[in-house]
């Protein structure tokens with residue numbers, strides 16, 4: 001009896017021993033694995049940091065070459081090179097675990113440097129000569145990048161190339177990339193780039209052109225909202241204001257069981273958005289005939305609401321609705337900058353939403369110049385392999401904040417639908433859009 | 001002994017019969033075609049009529065006109081035109097065939113689906129407007145000079161969204177999240193251009209708290 005008990009106890013000790021040893025082995029394996037993973041992640045961060053140090057230095061060299069260069073071809077080559085390299089730097093910096101305070105101004109600066117160089121190269125390609133102002137700006141840019149490259153190299157040397165020199169709690173990081181205060185870095189390291197193009201300050205702080213100046217009170221706005229919505233929406237109450245790019249009063253009401261939101265601009269009292277939250281909706285493309293009917297419904301509705309006559313562009317179909325892009329017309333010219341989106345409920349034929357943000361950002365009383373290039377002259381520029389199906393005179397927005405009068409050629413390249421825009425004054429190709437037919441409707445890219 | 005064997009055979013036959021009936025029922029439940037009738041057929045006809053593919057009466061009888069309409073609908077929507085309303089066609093028509101369907105990535109572009117995953121991870125249970133707002137912040141970042149220039153780069157930017165670190169980004173989004181993603185992609189921005197949001201109860205970050213708030217929706221403050 002005693003022997004059996006003794007044996008059992010021994011077995012128990014062995015089992016416990018095996019379990020403990022097993023656990024220790026498992027723990028060691030887990031910890032080795034996690035150390036390996038951590039090292040791999042750190043290696044990625046390390047690579048990004050090394051890349052930034054190297055890339056900023058290369059950028060500095062390229063800027064110097066730009067200052068040395070004297071022919072358009074060389075300018076374009078180096079400017080496009082700078083643009084490409086800024087993309088790499090942006091990818092590296094956003095991969096690092098660095099504070100927003102450091103990363104945001106740095107990313108913004110690098111993005112703007114790239115966008116400025118790209119827009120300058122496009123200007124040179126379109127025949128413009130590089131101006132003294134531009135040369136001055138490139139010189140300041142070079143100085144700023146030299147300084148940044150030197151400081152990064154110093155930081156790299158001080159930390160032994162450790163990316164943690166740019167990490168969250170590092171004071172040095174803020175000093176290196178951002179300076180001690182916001183004022184310091186903008187004055188000191190980051191120069192203010194003046195250009196018309198994407199990401200420029202003038203584009204990012206663009207003011208709406210179509211709202212007018214009249215200030216509206218919340219009560220006046222509510223009256224406007226109810227007028228717009230009519231009797232179908234009841235119980236309109238004021239919700240939290242939206243104080244963004246275009247400040248709005250927001251009102252909510254009910255259309256049957258659905259919640260309706262409407263945004264009235266504080267300046268001008270215009271309807272910026274009207275949206276109906278619907279519980280269910282099918283997402284399918286209707287028949288062509290039905291699509292035409294829906295377009296008519298949308299066009300008539302915006303006309304009733306006081307918008308100019310429109311032509312329909314493309315549409316998306318989801319959640320039981322057709323979201324139709326309407327392009328306002330002026331003397332039969334399509335004004336793409338003023339695009340209005342209207343959402344029509346396919347089952348009830350009612351307009352249940354509108355988005356007029358583009359319209360109020362861009363719409364103004366325009367005096368449209370006459371085309372100096374004829375349709376045939378423009379057609380001669382279009383790729384002869386394209387099968388042209390339609391031509392329209394249109395106004396298109398571009399990312400330099402300007403609008404261009406163009407011939408819009410709807411065409412096919414084999415089975416691909418595309419739109420080619422030829423400038424109606426300079427007879428150059430301004431833009432090309434590819435039309436994609438998806439399960440939800442049509443997209444242009 | 002013999003009796004027991006007979007009972008055994010009867011039991012086996014009964015089980016087979018039950019399996020057969022169940023499978024027959026389930027086949028009937030997942031597709032409607034020529035010759036079917038009933039309430040579901042009425043629903044199918046109503047949808048086809050609204051979308052402009054069917055001109056006949058809503059009589060609940062799946063006849064040749066309904067079959068032709070289904071084929072036309074299928075051709076127009078990239079589905080094999082067999083005239084049978086199976087699971088794919090039914091999903092497109094928004095009709096539930098017994099079992100509830102969950103959202104799949106197949107019907108959306110990769111951008112919409114990724115946005116929907118961010119919405120679902122960050123704001124499921126928030127008001128609809130709050131869900132659209134999350135997607136709008138992602139899209140505003142793509143447009144901004146201070147952030148990367150694609151949706152994926154913005155979403156997976158180091159430390160940008162906590163749901164990436166805790167894995168909630170990988171949950172399957174629901175229909176509402178997909179709808180909110182599509183609304184945001186189509187331009188609806190309830191935040192007025194916000195680039196950040198935070199939960200004021202959970203944030204102590206002075207940098208965030210110093211930013212002007214453009215909107216408050218549910219648990220989130222949105223700011224530029």
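General observations
- Qualifying residue in the stretch A:18-37 (condition: part of a helix (DSSP H, G or I) and crowded, with 19+ Cβ neighbours inside 10 Å): no
- Check on residue A:227, outside any strand (DSSP E or B), in contact with a strand residue (DSSP E or B) (Cβ under 8 Å, 6 or more places away or on another chain) and surrounded by fewer than 14 Cβ atoms within 10 Å (Cβ to Cβ): no
- Conditions (1) within 28 Å of the chain's Cα centre (by Cα); (2) modelled with pLDDT under 90; number of the one not met by residue A:271: (2)
- Residue that is over 21 Å from residue A:101 (Cα atoms), more than 21 Å from the chain's Cα centre (by Cα) and without any contact (Cβ under 8 Å) to a residue 60 or more places away in the chain, where the choices are B:201, B:153, B:211: B:201
- The number of residues in the stretch A:96-130 being over 15 Å from residue A:54 (Cβ atoms) and not in a helix (DSSP H, G or I) comes to 8.
- Selection from the stretch B:33-50 of residues that are closer than 22 Å to residue A:316 by Cβ and in contact with a helix residue (DSSP H, G or I) (Cβ under 6 Å, 6 or more places away or on another chain): B:47, B:48
- Filter result for residue A:352 (closer than 25 Å to residue A:300 by Cα and modelled with pLDDT of 95 or more): no
- Residue match in the stretch A:116-131 (condition: under 30 Å from residue A:163 (Cβ atoms), at the interface with another protein chain (Cβ under 10 Å from one of its Cβ atoms), touching a helix residue (DSSP H, G or I) at 6+ places or on another chain (Cβ under 8 Å) and at pLDDT 90 or above): no
- The set of residues in the stretch A:227-255 being without any contact (Cβ under 8 Å) to a residue 12 or more places away in the chain and over 25 Å from residue B:224 (Cα atoms) consists of A:227, A:230, A:231.
- The stretch A:64-82: number of residues that are under 17 Å from residue A:131 (Cβ atoms) and touching a residue at least 60 places away in the same chain (Cβ under 8 Å): 2
- Candidates A:412, A:379, A:392, filtered to the one that is away from chain B (no Cβ under 14 Å) and within 27 Å of residue A:308 (Cα to Cα): A:392
- Candidates A:356, A:364, A:372 - the one that is surrounded by fewer than 16 Cβ atoms within 10 Å (Cβ to Cβ) and either within 14 Å of another protein chain (Cβ to nearest Cβ) or in contact (Cβ under 8 Å) with a residue 60 or more places away in the chain (or both): A:364
- Condition check for residue A:366 on (1) at pLDDT below 95; (2) in a strand (DSSP E or B): one failure, at (2).
- Condition broken by residue A:179, with the remaining ones in (1) on the phi < 0 side of the Ramachandran plot; (2) at pLDDT below 80 satisfied: (1)
- For beta carbons closer than 7 Å, sequence separation of 6+ or different chains, a first residue in the stretch A:100-111 that is facing chain B (nearest Cβ under 8 Å) and buried (at least 19 other Cβ atoms within 10 Å of the Cβ) and a second that is outside any helix (DSSP H, G or I) and at pLDDT below 80, the qualifying pairs are A:105/A:190; A:111/A:199.
- Failed criterion for residue A:406 (all others in (1) modelled with pLDDT under 95; (2) more than 14 Å from chain B (Cβ to nearest Cβ); (3) farther than 30 Å from residue B:48 by Cα hold): (1)
- Among the conditions (1) within 14 Å of chain A (Cβ to nearest Cβ); (2) under 26 Å from residue A:102 (Cβ atoms), the only one that residue B:122 does not satisfy is (1).
- Residue within the stretch A:312-331 that is more than 30 Å from residue B:44 (Cα to Cα), buried (at least 17 other Cβ atoms within 10 Å of the Cβ), within 14 Å of another protein chain (Cβ to nearest Cβ) and touching a strand residue (DSSP E or B) at 6+ places or on another chain (Cβ under 8 Å) present: yes
- Residue that is at pLDDT below 85 and within 12 Å of chain A (Cβ to nearest Cβ), where the choices are B:99, B:50, B:103: B:103
- Flag if residue A:303 is surrounded by fewer than 18 Cβ atoms within 10 Å (Cβ to Cβ), more than 7 Å from chain B (Cβ to nearest Cβ) and part of a strand (DSSP E or B): no
- Residue satisfying condition, being out of contact with any strand residue (DSSP E or B) (no Cβ under 7 Å at 6 or more places or on another chain) and within 14 Å of another protein chain (Cβ to nearest Cβ), within set A:88, A:73, A:134: A:88
- Unmet requirement for residue A:55, which otherwise passes all of (1) out of contact with any helix residue (DSSP H, G or I) (no Cβ under 6 Å at 6 or more places or on another chain); (2) free of Cβ contacts under 8 Å to residues at least 40 places away in the same chain; (3) under 30 Å from residue A:111 (Cα atoms): (1)
- The helices (runs of 4 or more DSSP H) located wholly in the stretch B:126-224 that include 2 or more residues which are surrounded by 23 or more Cβ atoms within 10 Å (Cβ to Cβ) and more than 9 Å from every other protein chain (Cβ to nearest Cβ) occupy B:128-143, B:175-185.
The values are calculated or read from the model by the stated rules, or taken from the named source; none is laboratory data. These numbers were taken from a predicted model, which means no experiment stands behind them. FYI the Cβ positions are ideal-geometry reconstructions off the backbone, even for glycines, and counts take in every protein chain you see.
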